[in-house]
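Inspection log for the structure reproduced underneath, given as structure tokens.
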Amino acid sequence: MPYVRGSPLEIASLTEAIFFNDGERFVPTERASSPWGPDVLHGGPPAGLLARAIERARPLPGMMVVRLTVDLFRPVPKVPLEVRTQVVRAGRRIQVVEASLIANGIEVSRAAGLMLHRSDIQLPPNALIDGPPPHGPAGIATTGLSVAAFPPRWEGFHTTIEVRRVSGAPGGGPSAAWIRIPFPLVAGEAMTPLVRVAATSDFGNGLSHIRADGNMGFINADITLYLHREAAGEWICLDAHSGAHTYGIGMIQTAIHDERGPVGLAVQALLANAHSAPAPSSRM
């Protein structure tokens, strides 16, 4: 945890968030850490920061982010981060904003947000995007992403979230779960629907993670979201389906729901990646 100035009450409120502001920088707390190492961040918090920046930079009112593509160039270190934005297109009906995440002067991640203008129209019932949500989250026990055979080696974003699994099991294959982020992304701020979905969407790979023979797994190099409406509430359901080829390339497709029904889709490109076996631990 980086050094934080302030009263004990102020410090407690900051550490109960994933990032806190330090001027123009965002300082990660332990809640942002990754299962891949204690000194790098999980993909969800950087995606949330980039979504936050793009949403705040929209030039005109009445616009909705309908596509968000996050390129994860390299592991994001656990250091103070800067976010820079640029309006690429500022049309009346179509807008595009790009955002870059900077760590120690290096661009570590970049995102592009496509925004479309909302308007009220009449549609026949068969043209509506609709449908029931998956079972839950009420009535399902809260668990974690991992099982005893592959427990997390340290705390982080992957242990901060609340998980209520609908179907599937860790270790590959189709898997669905309700996920709730119980702490603010940035201290003192309520998460918007876009930020909540963006920060949650990277868990598609966690839910349907492919484990190959030996110590080979798969990392995702990006996250692309397509959203047709804003999510409602704190619980987001990810219904993830993964697949790969023997040359080490794969993909995860994730349907995104809230408690009202479908919200959108997420797609992640996968790359085979060798990693060390988890150290023994009693944590579930």
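The table that follows gives values for the structure above.
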{"quantity": "So Leu68, is it over 22 Å from Val186 (Cα atoms), part of a strand (DSSP E or B) and modelled with pLDDT of 95 or more", "calculated": "no"}
{"quantity": "Criterion: closer than 17 Å to Ser100 by Cβ and either modelled with pLDDT under 95 or crowded, with 21+ Cβ neighbours inside 10 Å (or both) - qualifying residue of Glu10, Glu55", "calculated": "Glu55"}
{"quantity": "Subset tally (residues that are farther than 26 Å from Phe26 by Cβ and either buried (at least 19 other Cβ atoms within 10 Å of the Cβ) or touching a Lys or Arg at 6+ places or on another chain (Cβ under 9 Å) (or both)) for segment 216-225", "calculated": "2"}
{"quantity": "Top-ranked residue in segment 201-215 [being surrounded by fewer than 19 Cβ atoms within 10 Å (Cβ to Cβ) and of a type outside the set (Gly, Ala, Ser); ranked as farthest from the chain's Cα centre (by Cα)]", "calculated": "Asp213"}
{"quantity": "Members of segment 43-65 that are part of a helix (DSSP H, G or I) and of a type in the set (Val, Ile, Thr)", "calculated": "Ile54"}
{"quantity": "Pick from segment 18-42, criterion over 15 Å from the mean Cα position of the chain (by Cα) and in a loop (DSSP other than H, G, I, E, B), ranking: modelled with the lowest pLDDT", "calculated": "Trp36"}
{"quantity": "Condition check for Ile121: surrounded by fewer than 22 Cβ atoms within 10 Å (Cβ to Cβ), at pLDDT below 95 and among the β-branched types (Val, Ile, Thr)", "calculated": "yes"}
{"quantity": "Residue in segment 130-137 that is touching a Pro at 6+ places or on another chain (Cβ under 8 Å), of a type in the set (D, E, K, R) and either without any contact (Cβ under 8 Å) to a residue 12 or more places away in the chain or loosely packed, with under 14 Cβ neighbours inside 10 Å (or both) present", "calculated": "yes"}
{"quantity": "Test: residue in segment 227-236 that is at pLDDT below 95, over 23 Å from Ala32 (Cα atoms) and either crowded, with 19+ Cβ neighbours inside 10 Å or of a type in the set (Ser, Thr, Tyr) (or both)", "calculated": "no"}
{"quantity": "Selection status of Phe218, within 11 Å of the chain's Cα centre (by Cα), closer than 22 Å to Ser109 by Cα and not polar (S, T, N, Q)", "calculated": "no"}
{"quantity": "Candidates Ala221, Ala198, Ala212, Ala176, filtered to the one that is touching a Cys at 6+ places or on another chain (Cβ under 7 Å) and under 22 Å from Val267 (Cβ atoms)", "calculated": "Ala176"}
{"quantity": "Odd one out for Ala198, checked against (1) small (Gly, Ala, Ser); (2) surrounded by 20 or more Cβ atoms within 10 Å (Cβ to Cβ); (3) farther than 17 Å from Arg31 by Cβ", "calculated": "(3)"}
{"quantity": "Per-region count, segment 184-194, residues surrounded by 16 or more Cβ atoms within 10 Å (Cβ to Cβ) and either in contact with a Leu (Cβ under 6 Å, 6 or more places away or on another chain) or not in a helix (DSSP H, G or I) (or both)", "calculated": "6"}
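Residue-wise test of (1) at pLDDT 90 or above; (2) among the aromatic types (Phe, Trp, Tyr); (3) over 25 Å from Ala274 (Cβ atoms).
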{"position": "Gly188", "(1), (2), (3)": "yes, no, yes"}
{"position": "Ala198", "(1), (2), (3)": "yes, no, yes"}
{"position": "Asp202", "(1), (2), (3)": "yes, no, no"}
{"position": "Gly206", "(1), (2), (3)": "no, no, no"}
{"position": "Arg211", "(1), (2), (3)": "no, no, no"}
{"position": "Gly214", "(1), (2), (3)": "no, no, no"}
{"position": "Gly217", "(1), (2), (3)": "no, no, no"}
{"position": "Asn220", "(1), (2), (3)": "yes, no, no"}
{"position": "Thr224", "(1), (2), (3)": "yes, no, yes"}
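The values are calculated or read from the model by the stated rules, or taken from the named source; none is laboratory data. What you see is a predicted model; the values in this text were computed from it and never measured. Cβ: placed from backbone, ideal geometry, glycine included. Neighbour counts: every protein chain shown.
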